[in-house]
Amino acid sequence: MNKSLVFLCLIILTVGAHGCKKETQEKGTIAVSSSDTPTLPATAYSYNTGYPAHVVAELSLADNTPNNNPITNDGASLGRVLFYDKILSANNTLSCGSCHKQNESFVDNRVLSPGFLGELGKRHSMPLLNVRFYQSGKMFWDERAASLEQQVLMPIQDHLEMGATLNEVVSKVKAKTYYPALFEKAFGTKDIDTTKIARALAQYVRSIVTYQSKYDRVKQGAASFSTLEQAGATLFATAPAPGPGGARPPSCAGCHKPPMFITSNPEAPFSLPDPNDLGINNQRRFKSPSLRNVALRSSLFHNGSVSNIQDMLSRGAPGNGNTAIPAHSVRPEDVAALSAFLQTLNDQAILTEERFSNPFK
Ligand code: HEC
Ligand code: HEC
């Protein structure tokens, strides 16, 4: 270490940061590139603006944001830090971001995710995209959490996932030097408690909205679909998928409602045959996450057993050995068009946007 580096370390130690490995000079402030101190911009990023008209219109219909927890830039910034902070797990090894990875559309492409002790969970992780458009606000594949504010505290306490108690987590958060100022900015007080932790996490998760896909540009009149994509769009909106036993289920869009492609009310008959999981109220019903970015994902459905959209769409084809999924397999000649349309829902920007990224790096 040369003299100036040693001096820099001393300054950093006096302001309470830990570690002194890779200090860098950034925008006139000292940013510490260590794994236990977040690097944040002086003024918070924007978390609730810039949406095109069709997304704003959907928000006015379906937004599950409660009146007592509107998204603010400072609230979502605090939520971002908590989301990526490993101190939320019992042994400081996992953060929310370990199973909801930004570069994988905030899901884990592994079929099942290992928890803090390496044990696998029981269901596939869920992509945290456009969660705020799920009208009832109920969370998880089986909707067992009544709201996002309640949901975000559950993985922390789950015995397989993060294995901590809320008291432990509150103490650990209070002990970190960077949190009091962030709570003060977000909530006007340095007091740290579980309600504020839950509200900040929920604000951050609600702010993860995709609106920069080709589909969105087409909606805004700034691009047009290819012939194949247009054929897929028409099939998605109108054609009933062939159902089991001659039943005629609604169209894809009847369940996965555009523009966010969410099933806000999974009442329509549907089940992915699964003897181990009965879903909502044991009725073989499951919530479906937003289909945006689904073409970038693998391990689909509540148990992750469907490899990708091609696998799903072609399961009904004779002779391919897999059980067809009711309402999800289409005629072989329609697979290419539906895949092309689903790919227009991909938002690549969200996979790397700084405001959603891990600040501990
Ligand atoms: C060990 C992996 C793991 C960790 C860590 C984890 N999750 Fe999850 N998450 C999952 C799984 C698996 C599900 C689906 C579980 C189910 O439905 O039973 C899920 C579901 C969710 C949902 C429901 C989404 C929806 O549309 O209903 C939200 C929101 C969520 N997680 C947020 C978080 C937050 C916030 C944290 C950190 C406090 C977190 N998760 C930590 C694996 C994880
Ligand atoms: C009757 C309502 C219904 C219809 C019709 C329907 N879906 Fe679904 N879809 C669901 C539900 C519910 C799930 C989640 C089920 C589960 O995990 O077991 C789902 C899951 C999916 C998934 C996986 C999502 C994920 O995140 O894992 C994709 C992709 C999908 N549907 C596309 C389609 C397409 C394309 C069509 C038209 C051919 C269609 N769906 C028709 C209700 C429906």
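Below are the figures for this structure:
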quantity	calculated
Distance between the range 287-308 and the range 129-181 - C-alpha centres, whole angstrom	22 Å
Rounded percent of accessible protein surface that carbon and sulfur make up, the range 279-318, 1.4 Å probe	45 percent
Surface per residue (accessible, 1.4 Å probe) for the range 53-209, Å²	40 Å²
Residues with amide H under 5 Å from that of K257, placed H, sequence gap 5 or more	I262, T263, S264
Placed amide H near A145: partners under 5 Å, 5+ positions off or other chain	M139
Gyration tensor (Cα) of the range 53-209, equivalent ellipsoid semi-axes in angstrom	23, 21, 13
Solvent exposure, largest accessible area first (probe 1.4 Å, DNA, RNA and ligands not counted), of D85, D74	D74, D85
Pairs beyond 21 Å (Cα-Cα), from K86/K176; K122/K174; K122/K287	K122/K174
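The values are calculated or read from the model by the stated rules, or taken from the named source; none is laboratory data. These numbers come from a predicted model, not from an experiment. What goes into the accessible areas is simple: the full protein's heavy atoms, side chains included, and nothing from ligands, DNA or RNA. Shrake-Rupley method; radii C 1.70, N 1.55, O 1.52, S 1.80 Å.
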